[in-house]
Amino acid sequence: PSGTVKTTQSPILIVVLSINLGFVSVKDNVLLPEDKIIVALSGGSDSTALLLALTEVPFSLNIIAVYVDHGLRPGETGAEIKKIKALCRDLNIKAVIKTVHVKDFCKKAKRSTEDGARQLRYLALEEV
C-alpha cells in the first residue's frame, strides 16, 4: 500500500511512488497551488509517471523531485542520477539528490534492509 506522509512543518506533501492520483483534488483542499510537492523519484516507470502527471495539473505547483541513493547499488546509481537530473531539467523541476547509509543504519538499529531503507528514505524526503 502507498499513501502520503504529512509532516508537522508548513504544508508539505510527500508523494510516495505508486499512489492513486484520485485523491489529489483542489476542491477537497488536499492539494493547493502553493503547496510544496515532493516526489520520491526512483527513475522507474511508476515514479516517473507520477512526476509527469503532476506536471499536467491545470495550475502551477512547486514540485521537487527527490532521488534517494540508499548506497545499496553503487555501480548503478550514477546512471540513474544522470537520467533523473536530465528529466528534471527538461521539465523545469528542481531535482534533489539525497544519500543515506542503509547498511550502517540497519546494523546499528537491527532492522531489515527494506525497513531501514524505507525509514531513511522518508527521513530524507522530510528534510527537503
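The values are calculated or read from the model by the stated rules, or taken from the named source; none is laboratory data. Treat the numbers as computed from the prediction; the structure is a model and nothing was measured. So basically every Cβ, Gly included, is an ideal-geometry build from the backbone, and we count neighbours across all protein chains shown. Surface areas here come from the heavy atoms of the whole protein model, side chains and all, with no ligands, DNA or RNA. Shrake-Rupley method; radii C 1.70, N 1.55, O 1.52, S 1.80 Å.
Inverting the mean 1/r over all pairs of different Cα atoms, compute the Kirkwood radius of region 55-115 and quote it in Å.
On the way: mean 1/r = 0.0739 Å⁻¹.
After inverting the pairwise mean of 1/r, the radius is 13.5 Å.
Atom-type composition of the exposed protein surface of region 26-128 places 51 percent of the accessible area on carbon and sulfur (1.4 angstrom probe). Here is the link list: Lys36/Lys83; Lys82/Lys103; Lys83/Lys103; Lys85/Lys107; Lys36/Lys98; Lys83/Lys110. Which ones come out longer than 28 Å on Cα distance? Where the Cα-Cα span goes over 28 Å, the pairs concerned are Lys85/Lys107; Lys83/Lys110.
Below 12 angstrom from the Cβ of Pro74, what's the summed charge of the other residues (Lys, Arg +1; Asp, Glu -1)? Write down the numbers at each step before the final one.
Details: positive: Arg73, Lys103; negative: Asp69, Glu76, Glu80.
Local charge sum for Pro74: -1.
How compact is region 86-128 by the rule of thumb for globular proteins, expressed as Cα Rg over 2.2 N^0.38 Å?
On the way: Rg = 13.5 Å, N = 43, 2.2 N^0.38 = 9.2 Å.
For region 86-128, the normalised Cα radius of gyration is 1.46.
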